[in-house]
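As structure tokens, the structure follows; a few thoughts come after it.
The values are calculated or read from the model by the stated rules, or taken from the named source; none is laboratory data. Keep in mind that this is a model prediction, so the values were computed, not measured. When we count neighbours, we look across all protein chains shown, and the Cβ atoms used for this are built from the backbone with ideal geometry, even at glycine. When the accessible area is computed, the model is the full protein with side chains, heavy atoms only, and any ligands, DNA or RNA have been set aside. Shrake-Rupley method; radii C 1.70, N 1.55, O 1.52, S 1.80 Å.
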Amino acid sequence: ICLFIFSCRYNARYFYENNPELKQALDQIQDGYFSPENPELFHDVVNSLLENHGDHYMLLADYDSYIESQDKVTELFKDPITWTKKCILNIAASGKFSSDRTIAEYARDIWGVTPSLKALPHPHEGRPGTRNEGEVPTITHGSSASLHEQGKK
């Protein structure tokens, strides 16, 4: 489609108008087929793809290859032995994931900030910037706080 992205003039409507299956899917979303109780619920989804130079990630251009890949997945899933083997190999080959590490990398590499080791206050201690900053709520008989305190006894 585009050999050089920087010179590409992507037109999402071209893919919409020239792929009957894709057009039907988007029209059904636009017409409320998947949300009959609120037909306008997903209008923004379709509009973000088709209007005002939308579809920044060129999703509609990838539709055919996505469907081809999904068809391969469907066929593979029909063979439980091969499916299981591929799942296990995929898991074994995946790297260690840590949300803490990922957030630290985003903070450092993308946002350019250093993490703070300052502990956040407990929810019952009041929050900085609120009207009752630093105040501890009084515990009254029958409140959820008093029930929590009773559970500690």
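Pairs linking a residue in segment 11-36 that is closer than 15 Å to residue 48 by Cα to a residue that is open to solvent by 100 Å² or more (accessible area, probe 1.4 Å), with Cβ atoms under 7 Å and 6 or more positions apart or on different chains, are 23/17. Within segment 52-69, none of the residues are farther than 17 Å from residue 21 by Cβ, of a type in the set (Phe, Trp, Tyr) and either modelled with pLDDT of 95 or more or not assigned by the TED database to the domain that holds residue 15 (or both). Where residues in segment 70-111 are outside any helix (DSSP H, G or I) and at pLDDT below 90, which of them is most open to solvent (accessible area, probe 1.4 Å)? Per the criteria, the residue is 96.
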